[in-house]
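All of the numbers you see were taken from the coordinates with simple rules; none came from a lab. As the structure is a prediction and not an experimental result, all values here were calculated from the model. Ideal geometry is used to build each Cβ from the backbone, glycine not excepted, and the neighbour counts take in all protein chains shown.
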Amino acid sequence: MKLKSVSTILLIFGLVITTACTEKEKYIVVKDENGKLIAQKVSDLANASKIEKKVPTIAEFTSKDKAFSTLTSLIKLAGMENILKGERSMTILAPLNTSFQNLSPNYLEKLKQPENKDELKRILQYHIIPGRIAKEDMAIAIEEHRGSVSLRTLGGTKLTATLKGDRIFLIDERGTGGVLITTDVEASNGLIHSLDAVMIPKK
């Protein structure tokens, strides 16, 4: 009888220890109100509810990602930061630094000059689509329109989207092509798709 009692006690004790260890491992990483990453215990709902799970805006995301440093500097020069920080939902086709490197150096420097601010703004607007458009949305629209679909951009001009395999290809008004690389990156005010080319509308 004693042996059975001891076994029962050990079994119960073992369950308590196992449960405690399991609960200790249930942590998630979130941002606090100051933007710092912290480990938060999932079961501690009272404290977890006090933590703000902040999702960056499009402007905040691109400004913190070094792969978009050229794009970020051009957005500032064009005075378009507020558009990408606002509450209005947008989808940005964000050219990577390497995309801008494929442009003529003289052309890129020309765009940075104050007198060419309107042209720079027009080019950047060509990479922004009002509303949230995921990769899947584009793919469905392409199939419904028999292979290609026009995307109306913020400036009113259009890009042509096509599908090859599982990749979305874009063609600008001059016939330049580009492909979406990383897609459906969530921002608080829209979506970000990285692009391997710079799209340029006709004048």
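Expressed in nm to one decimal, what extension gain is obtained for the pair S148 and E87 from 0.36 nm per residue of sequence separation less their Cα-Cα distance? Could the numbers behind the result be given before it?
Details: separation 61, 0.36 × 61 = 21.96 nm, distance 3.00 nm.
Extra length available between S148 and E87 comes to 19.0 nm.
Using Cα pairs under 8 angstrom and six or more residues apart, how large is the relative contact order of segment 58-195, in percent?
Values: 221 pairs, mean separation 36.6, N = 138.
Reported relative contact order: 27 percent.
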Residues D137, D166 arranged by fewest to most Cβ contacts within 10 Å: D166, D137
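For T162 and D184 in the same chain, what is the full-extension length gain: residue separation times 0.36 nm, less their Cα-Cα distance, in nm? Working shown, then result.
On the way: separation 22, 0.36 × 22 = 7.92 nm, distance 1.70 nm.
Gain in length upon complete extension: 6.2 nm.
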Segment 58-195: mean projected area of Cα convex hull, nm²: 7.9
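Largest first and in whole Å, give the semi-axes of segment 119-170's equivalent ellipsoid, each being the square root of 5 times a Cα gyration tensor eigenvalue.
Working: eigenvalues 92, 21, 18 Å².
Value: 21, 10, 10 Å, ordered largest first.
For the pairs K121/K164; K76/K110; K158/K203; K66/K110; K110/K202; K85/K121, note any where the Cα-Cα span goes beyond 20 Å.
Pairs exceeding 20 Å: K121/K164; K66/K110.
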